[in-house]
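Below is one structure, written out as structure tokens; the observations come after it.
The values are calculated or read from the model by the stated rules, or taken from the named source; none is laboratory data. The shown structure was predicted, so the numbers you read here are calculated from the model rather than taken from an experiment. Reconstructed Cβ throughout: ideal geometry from the backbone, glycine too, with neighbour counts over all protein chains shown.
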Amino acid sequence: MPPPATEIQPALPPGFVLGVTSSAWQIEGAADRDGRGPSIWDTFSRVPGAVTTERRADPTGDRAAGHYDRVEEDVELLRHLGVGAYKFSISWSRVVPEGRGSINRAGLDFYDRLVDRLLNAGISPTAALHHWALPQALEDDGGWLNRATTDAFAEYAAVVADRLADRVGAWVPIDAPNVQMMYGYVDGFQAPGWQLGFDALSVAHHLLLGHGHAVAALHAAGATQVGCSNHHAPMWPASDDEADVGATKLVDQLWNGLFMEPMLLGRYPVDLAELMTDLCAPGDLATIRQPLDFYGLSYFRPMKVAATAADEDADVPWKLLLPLGHDQTESGWAIVPEALREWLITTRARFRAALPPLVVTECGASYGTEPDASGVVDDTERSAYLAAHLQAVSEAAQRGVDVRGFYAWTFLDGHCWQRGYDERLGLVHVDFDTLERTPKASYDWYASVIAAQTRSVG
């Protein structure tokens with residue numbers, strides 16, 4: 001009988017970085033403190049029924065995990081975990097409360113102190129400039145539907161880069177822009193709640209243009225490692241039927257190709273190019289195709305796609321099905337680590353020299369394990385999930401894929417977007433009443449993996 005997955009030490013390349021990640025709106029709290037302005041998620045979470053949560057009566061992120069007031073404690077937890085890097089996001093609303101114009105020095109100071117604390121703990125900071133929580137003032141002017149938002153983002157990127165570029169090890173301008181477009185503007189079950197269908201393609205172009213402007217601003221400020229973090233998934237047709245195969249190709253282009261091809265090749269996918277033509281001003285694609293020092297991907301599950309029938313009431317011509325024959329996380333997502341290996345290998349083969357070194361910038365699972373009578377949070381399922389996906393990365397690396405890091409999602413339990421506080425994805429348990437932190441069994445397991453990796457290259 002083979003050993004349990006959690007007892008296997010994956011053979012990772014020398015210098016491979018093991019880290020954890022988080023996002024500002026999900027953990028910081030202090031929503032009305034020290035000059036921070038409101039974001040679209042502050043607004044959206046106050047819409048009745050938009051966020052469903054049972055673990056905390058308040059559906060907003062006003063308090064979240066209290067990271068803003070507990071940053072020293074949290075950095076100590078990171079230090080004890082032993083991670084080589086910590087990927088966090090910067091709240092645009094905390095730094096530039098109206099999205100453009102007046103700079104909130106107190107907000108910049110918070111991230112300045114966070115970066116210094118991480119460095120003093122021997123942890124390399126990886127910073128994302130924008131993780132979904134657009135300042136509400138910009139949304140009031142059209143948000144990512146408005147091309148002017150890309151200029152505001154460029155100005156904000158330059159402000160942050162001027163303060164932090166000398167110390168932050170790696171940068172991600174916009175985290176998971178495809179999720180922002182699809183869930184926030186196409187389907188509307190995340191902030192800002194638009195349901196635009198294919199009319200949301202301008203959002204994709206503006207997010208990509210903002211990405212390009214920010215990469216240029218960061219490099220100009222002296223940043224040495226600037227990449228991206230796109231949410232990717234292999235696409236599997238529900239059957240060999242021509243309609244299902246065609247629907248799968250369309251979803252693949254919208255979810256994967258629409259953001260990847262412009263960044264790496266300077267063009268839109270062939271089947272979408274005509275739809276994007278009127279959105280592109282001269283020079284836009286050159287701006288989007290900035291040199292990247294790494295390509296980050298967040299991975300959680302493959303997508304099984306079926307075409308919708310003519311008599312189905314659907315806003316889009318496809319539906320997503322659950323891949324059968326696989327265990328599931330508590331959120332109902334299929335656990336398929338071999339799909340991550342598949343994506344890494346096929347993407348390397350497809351893009352070849354155009355593909356920078358890869359980093360898995362998010363990978364994790366929802367398990368709601370609570371402390372037992374002794375205070376132990378025995379979330380062995382999460383450890384097994386991470387072990388299996390690290391093994392998939394190891395196998396891809398052994399087949400020649402240049403993958404250089406893996407960030408577990410996520411560091412702390414916090415607000416999980418439209419699901420509120422009802423999903424726990426952290427390595428550290430947070431009591432949402434007291435905000436007390438309790439490292440889970442998965443935290444201890446991951447610490448042992450990191451220590452073994454450190455010894456192997458030491």
Residue count for segment 9-33, restricted to those that are at positive phi and at pLDDT 95 or above: 2
Of the criteria (1) under 27 Å from D278 (Cα atoms); (2) modelled with pLDDT of 95 or more, which one F198 fails: (2)
Every residue in segment 216-256 that is under 25 Å from the mean Cα position of the chain (by Cα), farther than 21 Å from E338 by Cβ and part of a loop (DSSP other than H, G, I, E, B), please. A221, G222, A223, T224, Q225, G227, C228
Within segment 429-458, track down each residue that is part of a helix (DSSP H, G or I), hydrophobic (A, V, I, L, M, F, W, C) and touching a Phe, Trp or Tyr at 6+ places or on another chain (Cβ under 9 Å). V457
Residue that is basic (K, R), surrounded by 22 or more Cβ atoms within 10 Å (Cβ to Cβ), modelled with pLDDT of 95 or more and part of a loop (DSSP other than H, G, I, E, B), where the choices are R63, R100, R36, R94: R36
Please specify each residue of segment 180-204 satisfying the condition of being surrounded by fewer than 18 Cβ atoms within 10 Å (Cβ to Cβ) and either touching a strand residue (DSSP E or B) at 6+ places or on another chain (Cβ under 7 Å) or among the polar types (S, T, N, Q) (or both). Q195
Just give me the residues in segment 270-290 being among the hydrophobic types (A, V, I, L, M, F, W, C) and either within 24 Å of the chain's Cα centre (by Cα) or part of a loop (DSSP other than H, G, I, E, B) (or both), in sequence order. V270, L272, C280, A281, L285, I288
Expected single match for surrounded by 24 or more Cβ atoms within 10 Å (Cβ to Cβ), among the small types (G, A, S), closer than 30 Å to G405 by Cβ and at pLDDT 95 or above among S124, S89 is S89
Of the residues in segment 43-60 that are closer than 17 Å to I27 by Cα and touching a Phe, Trp or Tyr at 6+ places or on another chain (Cβ under 6 Å), the one that is surrounded by the most Cβ atoms within 10 Å (Cβ to Cβ) is T53
Which condition number does Y295 fail, the rest of (1) farther than 30 Å from R163 by Cβ; (2) of a type in the set (S, T, Y); (3) buried (at least 19 other Cβ atoms within 10 Å of the Cβ) being met? (1)
For segment 414-422, indicate whether the set of residues that are modelled with pLDDT of 95 or more, within 24 Å of S124 (Cβ to Cβ) and surrounded by fewer than 17 Cβ atoms within 10 Å (Cβ to Cβ) is non-empty. no
Is it true that some residue in segment 70-84 is touching a Pro at 6+ places or on another chain (Cβ under 8 Å), among the basic types (K, R), over 18 Å from H429 (Cβ atoms) and not in a strand (DSSP E or B)? no
Of all residues in segment 321-340 being in contact (Cβ under 8 Å) with a residue 40 or more places away in the chain and not charged (D, E, K, R), which is nearest to A396 (Cα to Cα)? L340
Whether any residue in segment 350-366 is more than 21 Å from S229 (Cα to Cα), touching a strand residue (DSSP E or B) at 6+ places or on another chain (Cβ under 8 Å) and crowded, with 16+ Cβ neighbours inside 10 Å is what I want to check. no
Search segment 103-131 for residues being in a helix (DSSP H, G or I) and aliphatic (A, V, I, L, M), and hand back the single one that is farthest from V360 (Cα to Cα). A106
Give just the number: which of (1) more than 30 Å from A452 (Cβ to Cβ); (2) crowded, with 16+ Cβ neighbours inside 10 Å; (3) among the β-branched types (V, I, T); (4) at pLDDT below 95 does T6 not satisfy? (1)
Considering only residues that are hydroxyl-bearing (S, T, Y) and out of contact with any Phe, Trp or Tyr (no Cβ under 9 Å at 6 or more places or on another chain), which ones fall in segment 396-428? T410
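From the list F259, F300, which residue is among the aromatic types (F, W, Y), surrounded by 14 or more Cβ atoms within 10 Å (Cβ to Cβ) and not in a loop (DSSP other than H, G, I, E, B)?
Working: F300 fails: not in a loop (DSSP other than H, G, I, E, B).
Only one candidate passes the filter, namely F259.
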